[in-house]
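Undergrad: Right, I'll just put the structure down here and ask away after.
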2 protein chains.
Amino acid sequence: MRVALYQNYPKFGDVENNVKQALAAVAPHSFDLLVLPELFATGYQFKSREEAMSYGEPVGSGFTFDAMKELAIQKKAVVIYGYPELEGGKIYNSAAAVMPEGSFVNYQKVHLFDTEKQIFEPGQTGFKTFDFNGARMGLMICFDWRFPESMRRLALDGAQIICHPANLVLPHCPQAMIIRALENNVFTVTADRIGVEERHGQRLEFIGRSRIIAPDGEVLAEAGDEEASFLSVDIDPSAADNKQINERNDLFADRRPHFY
Amino acid sequence: MRVALYQNYPKFGDVENNVKQALAAVAPHSFDLLVLPELFATGYQFKSREEAMSYGEPVGSGFTFDAMKELAIQKKAVVIYGYPELEGGKIYNSAAAVMPEGSFVNYQKVHLFDTEKQIFEPGQTGFKTFDFNGARMGLMICFDWRFPESMRRLALDGAQIICHPANLVLPHCPQAMIIRALENNVFTVTADRIGVEERHGQRLEFIGRSRIIAPDGEVLAEAGDEEASFLSVDIDPSAADNKQINERNDLFADRRPHFY
């Protein structure tokens, strides 16, 4: 299975061009799984809830969804991307996984970061896993990394590949994802962005450093902090199934939840 | 509050000299908290359960306990050390915290590593916190680091300083402890050992790299991988109380356990 990510540099609000640019960047490549960043088509720093809603799409429809569905069909791949989700007159920071036959899975970010709390509702879907081409994927978004329970939940639910759209501004996540992979024995795909936004006085510099990490903590591919980048790696998802790290330790069987 | 650790190089089985050597190394220094490694006085690699039992001490008595109690009284400090604990005809991989007025807290390792499972019983005490000089400490041992639930439990129970006797052979723990500190906003004190043991065919090289880490992930002090070392740092334990990492995110209040 070939897993890929595209680290982008969106121009705030220019949805059509941001989508076009991502499509052009991945067009020459083949993959079975593509992860795009959090809010990849809109940009990150909304000035208000109203502004975010004006860019929102309902799950399963809209310009961005249609483009991602078309891409999924073309590539016979699952495409995962972050977007502002309109639901019941509210707006969520969400990620959708779009499958080539048209089905999709939607996840609303559980742990909102900083000013996102002024814009988005706390997610209500809970963490989501789904199967594609015989592999199980799990969805989480950006700041969810800071809470080990996020990836633990996904891994306990059988996820082999953690798909992690992100817009990172804190420095620690790339390193943390190595530890998250190790503690759960899973693959991780963090698709981050680069560039700067400063739309309401707070300057945000996005750190890039998107990474694909193996269950043993090895960084299989990584992007820099200054350029848009496409990365892909061929993996065997079943490497995440055996939680045995030596003859006597199984990372899941060794858990003792009554002490947690 | 001055927190300290001693990274030692015990000679297997030479309890009297290993204790004497640790006492001599810390004698010139003052501290309020001292953390010594896992099984610091006996060495690590027991050939059998019977051999481990022959080195065991019941909680609150024995040669090593008496020496640590004497040290706690002399230094007016809490002394934490790893030892093989005899209890009810069984043997546990334990850590004791000895206070100068003579009280103590005992913790039996929850997550046993590799061949330890052939020697020790799985711990039954659960994770332990206790107060000393106005600060709350939490106890965990070595491989407990691999399970994020260990430190999460201690931090949710109010621990400001995680005291972590260790005998590390895997390479990832020093880096992981930065992430553990960050995800819980606590201080961590990992006291490891150096040297090699090869008592039943399996060669173990202990990695040293003992560390004291701040709640923001800063490594305040660290030892190398080749020498016995005493480290100490003055800290304000209350820096661990505020889980607010920015104006809007509180690492504990933001947890959403119904999704975990």
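Undergrad: Could you give me the ³J(HN,Hα) list for the range B:85-92, computed from phi with Karplus coefficients 6.51, -1.76, 1.60 and θ = phi - 60°, whole Hz, x at Gly and Pro?
TA: Using θ = phi - 60°, the values come out as 9, 8, 8, x, x, 10, 10, 10 Hz.
Undergrad: What angle, in degrees between 0 and 90 and rounded to the nearest 10, separates the Cα long axis of helix A:173-184 from the longest principal axis of the Cα atoms of chain A?
TA: 40 degrees
Undergrad: Among DSSP beta bridges whose residues both lie in chain B, state the antiparallel percentage, nearest 5. Write out the running numbers ahead of the final one.
TA: On the way: 36 of 54 bridges.
Bridges in chain B are about 65 percent antiparallel.
Undergrad: Let me ask something additional. Counting only protein heavy atoms and a 1.4 Å probe, tell me what percentage of the range B:1-113's accessible area is made up of carbon and sulfur. Intermediate results must be reported in sequence, preceding the final value.
TA: On the way: 2100 of 4010 Å².
Percent of accessible area from carbon and sulfur atoms in the range B:1-113: 52.
Undergrad: Convert each backbone phi in the range A:160-172 into a coupling constant with the Karplus relation 6.51 cos²θ - 1.76 cosθ + 1.60 (shift: θ = phi - 60°), then list the ³J(HN,Hα) values in order as whole Hz, x for Gly and Pro.
TA: Rounded to whole hertz, the list is 9, 10, 8, 9, 9, x, 8, 9, 7, 10, 7, x, 8.
Undergrad: Once the Cβ-Cβ distance between B:Gln124 and A:Asn133 is put in as r, and R0 is 41 Å, what FRET efficiency do you end up with, to the nearest 0.05?
TA: On the way: r = 44 Å, r/R0 = 1.08.
After rounding, the FRET efficiency stands at 0.40.
Undergrad: Let me ask something additional. Hey, quick one: spin label on B:Ser48, modelled 7 Å out along Cα-Cβ, who in the range B:191-233 has an amide N within reach, i.e. under 18 Å?
TA: Within reach of a label on B:Ser48, which here means backbone N under 18 Å from a point 7 Å along Cα→Cβ, the range B:191-233 contributes B:199-202.
Undergrad: Here's something else I'd like to know. If you take the accessible area of B alone, add that of A alone, and subtract the area of the pair, what total do you get in Å², probe 1.4 Å, to the nearest 100?
TA: Details: alone 11080 and 11080 Å², together 18340 Å².
What B and A bury together is about 3800 Å².
Undergrad: Still on this structure: Placing a label point 7 Å from Cα toward Cβ, how far apart in nm is A:Arg203 from its equivalents in the other copies, listed shortest first to one decimal?
TA: From this label point to the equivalent ones elsewhere in the assembly: 5.3 nm.
Undergrad: For peptide A:145-152, what's the mean number of Cβ atoms from other chains within 10 Å of each residue's Cβ? Don't skip to the answer; put the middle values down first.
TA: On the way: counts 2, 7, 9, 10, 9, 3, 1, 5.
So the per-residue partner count for this stretch is 6.
Undergrad: So, in Å, what gap is there between the alpha-carbon centers of the range B:193-246 and the range B:19-40?
TA: 14 Å
Undergrad: Measuring nothing but label to label, 7 Å from Cα along Cα→Cβ, what are B:Ser238's distances to the other copies in nm, shortest first?
TA: With the label placed 7 Å along Cα→Cβ, B:Ser238 yields 5.8 nm.
Undergrad: Hey, another quick one. If you build a Gaussian network model of chain A, linking Cα atoms that sit under 10 Å apart, which residue out of A:Gln45, A:Gln108, A:Gln244 swings the most?
TA: Among A:Gln45, A:Gln108, A:Gln244, the largest GNM mean-square fluctuation belongs to A:Gln244.
Undergrad: For chain A, which longest stretch is free of loop sites, where a loop site is one of the trypsin sites (Lys or Arg not before Pro) that DSSP puts outside H, G, I, E and B and that has at most 14 other Cβ atoms within 10 Å?
TA: Details: sites that count: A:Lys11, A:Lys47, A:Lys76, A:Arg203, A:Arg248.
For trypsin sites (Lys or Arg not before Pro) (loop position, at most 14 other Cβ atoms within 10 Å), the longest site-free span of chain A is A:77-202.
Undergrad: Restricting to bridges with both residues inside the protein assembly as shown, how much of the DSSP beta-bridge set is antiparallel, in percent to the nearest 5?
TA: 65 percent
Undergrad: If packing is taken as the mean number of other Cβ atoms within 10 Å per residue, what is the order of B:158-165, A:234-241, highest first? List each step's numbers first, then the result.
TA: Values: B:158-165: 27.0, A:234-241: 16.1.
Descending packing order for the listed peptides: B:158-165, A:234-241.
Undergrad: Cross-link partners among aspartates and glutamates for B:Lys128, C-alpha distance below 12 Å, same-chain residues fewer than 8 apart left out?
TA: B:Asp157
Undergrad: Let me ask something else. Per residue of A:168-181, count partner chain C-beta atoms within 10 Å of its C-beta, then hand back the mean as an integer.
TA: Numbers: counts 0, 0, 4, 1, 6, 1, 0, 6, 8, 1, 4, 12, 4, 0.
The per-residue average across the peptide is 3.
Undergrad: Shortest first, in nm, what separates the label point of A:Glu16 from those of the same position in the other copies (7 Å along Cα→Cβ)?
TA: Values, ascending and in nm: 8.8.
Undergrad: Would you mind checking which residues have amide H under 5 Å from A:Lys128's amide H? H placed 1.01 Å from N; only 5 or more apart, or other chain.
TA: A:Leu139
Undergrad: Taking the Cα-to-Cβ direction at B:Glu218 and at A:Ile73 and moving 7 Å from each Cα, how far apart do the two end points lie in nm?
TA: Each label point lies 7 Å from its Cα, and together they span 5.6 nm.
Undergrad: Have a look at B:His111, B:His29, B:His200 and tell me which one the Gaussian network model of chain B (Cα, springs below 10 Å) gives the largest fluctuation.
TA: Between B:His111, B:His29, B:His200, it is B:His200 that shows the largest mean-square fluctuation.
Undergrad: Still on this structure, I have one more. Relative to the longest principal axis of chain A, what angle (0 to 90°, nearest 10) does the C-alpha long axis of helix A:15-26 take?
TA: Orientation of helix A:15-26: about 40 degrees from the principal axis.
Undergrad: Taking the Cα atoms of the range B:183-260, report the difference between the largest and smallest coordinate on each principal axis, in whole Å and largest first.
TA: 52, 34, 14
Undergrad: Loop-only GluC sites (Glu not before Pro) in the range B:101-151, please: DSSP not H, G, I, E or B, and at most 11 other Cβ atoms within 10 Å. Don't skip to the end; give the middle numbers.
TA: Numbers: sites: B:Glu101, B:Glu116, B:Glu149; in loops: B:Glu101.
Taking the range B:101-151 and a limit of 11 other Cβ atoms within 10 Å, the loop GluC sites (Glu not before Pro) found are B:Glu101.
Undergrad: In chain A, what residue has the beta-carbon at the shortest distance from the axis of the rotation relating A to B, and what is that distance in angstrom, rounded to the whole number?
TA: A:Pro148, 2
Undergrad: Considering only DSSP beta bridges where both residues belong to the range B:119-169, give the percentage that are antiparallel (nearest 5). Intermediate results must be reported in sequence, preceding the final value.
TA: On the way: 5 of 8 bridges.
The answer is about 60 percent antiparallel.
Undergrad: With a 1.4 Å probe and every protein chain left in place, work out the accessible area per residue of the protein assembly as shown in Å², rounded to a whole number. Show your work: numbers first, answer last.
TA: Values: 18340 Å² over 520 residues.
Roughly 35 Å² per residue, with all protein chains present.
Undergrad: In whole Hz, what ³J(HN,Hα) sequence does the range B:208-224 give by Karplus (6.51, -1.76, 1.60; θ = phi - 60°), x for Gly and Pro?
TA: Taking θ as phi minus 60°, the curve returns x, 6, 4, 9, 10, 10, 8, x, 8, x, 5, 7, 7, 7, 8, 9, x Hz for the range B:208-224.
The values are calculated or read from the model by the stated rules, or taken from the named source; none is laboratory data. Treat the numbers as computed from the prediction; the structure is a model and nothing was measured. No Cβ is skipped: glycine too gets one built from the backbone with ideal geometry, and neighbour counts run over all protein chains shown. Heavy atoms of the whole protein, side chains included, go into the accessibility calculation; ligands, DNA and RNA do not. Shrake-Rupley method; radii C 1.70, N 1.55, O 1.52, S 1.80 Å.
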